[in-house]
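Worksheet: one structure, shown below.
The values are calculated or read from the model by the stated rules, or taken from the named source; none is laboratory data. In this text, all values refer to a predicted model and were calculated from it rather than measured experimentally. Cβ atoms come from the backbone with ideal geometry, glycine included; neighbour counts cover every protein chain shown.
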Amino acid sequence: MVWHYRNVDGWLASIREQQLLVALIAPCARQNLQIMRGNKVIEIKSPYHNKGSEVRRILKNQSFDFILAMGDDTTDEDTFRELPSEAYTIKIGAISEIARYNLRSQTGTLPFLKRLDEDEVGK
């Protein structure tokens, strides 16, 4: 389960984030679930699975001509790590030692994707 709160007022988000964390600690501990805080996101997950393990499962059963993975959170590093070397991995924001490329900010993401689409349509 993931709660993204990028578009929420900062003051209200900080209050709700703390309330949610307090409410989740006991049930998550009972179920052996991890609570992860990221870039304006709270994620609850099994310690046995992550984005990388899902990528590994998908790639085991299928093949792809083109793979693009983009992310701005530390949890996206698991995805980048599991993808084949020819995949296009892009970390948004902080530089990644694992991703091949970097976009400086989220505001550059949509223009980048639109440019990819324009280049593809132009072929």
So Phe112, is it without any contact (Cβ under 8 Å) to a residue 60 or more places away in the chain, exposed (fewer than 12 other Cβ atoms within 10 Å of the Cβ) and among the hydrophobic types (A, V, I, L, M, F, W, C):
no
Looking at Val2 and the list (1) among the hydrophobic types (A, V, I, L, M, F, W, C); (2) touching a strand residue (DSSP E or B) at 6+ places or on another chain (Cβ under 9 Å); (3) more than 29 Å from Ile95 (Cβ to Cβ), which single condition is not satisfied?
(3)
Tell me which of these Leu103 doesn't satisfy, since it passes every other one: (1) free of Cβ contacts under 8 Å to residues at least 24 places away in the same chain; (2) in contact with a Phe, Trp or Tyr (Cβ under 7 Å, 6 or more places away or on another chain); (3) among the aliphatic types (A, V, I, L, M).
(1)
In the stretch 49-84, which residues are in a helix (DSSP H, G or I) and of a type in the set (A, V, I, L, M, F, W, C)?
Val55, Ile58, Leu59, Phe80
Considering only residues that are at pLDDT 90 or above and either closer than 14 Å to His4 by Cβ or out of contact with any helix residue (DSSP H, G or I) (no Cβ under 6 Å at 6 or more places or on another chain) (or both), which ones fall in the stretch 28-42?
Cys28, Ala29, Arg30, Gln31, Asn32, Leu33, Gln34, Ile42
Ala13 fails exactly one of the following numbered conditions: (1) on the phi < 0 side of the Ramachandran plot; (2) out of contact with any strand residue (DSSP E or B) (no Cβ under 8 Å at 6 or more places or on another chain); (3) not in a helix (DSSP H, G or I); (4) not assigned by TED's automatic domain parsing to the domain that holds Leu113. What is the number of that condition?
(3)
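Name the single residue that is surrounded by the most Cβ atoms within 10 Å (Cβ to Cβ) among those in the stretch 16-46 being of a type in the set (Val, Ile, Thr) and in a strand (DSSP E or B).
Of the stretch 16-46, the ones of a type in the set (Val, Ile, Thr) are 22, 25, 35, 41-42, 44.
From what is left, the residues that are in a strand (DSSP E or B) are 35, 41-42, 44.
Values: Ile35: 15, Val41: 16, Ile42: 18, Ile44: 16.
Per the stated criteria, the residue is Ile42.
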Residues of the stretch 1-15 satisfying the condition of being in contact with a Lys or Arg (Cβ under 8 Å, 6 or more places away or on another chain) and surrounded by 12 or more Cβ atoms within 10 Å (Cβ to Cβ):
His4, Tyr5, Val8, Ala13
Checking the structure you have, find out if any residue of the stretch 52-61 is within 23 Å of Leu103 (Cα to Cα) and loosely packed, with under 12 Cβ neighbours inside 10 Å.
no
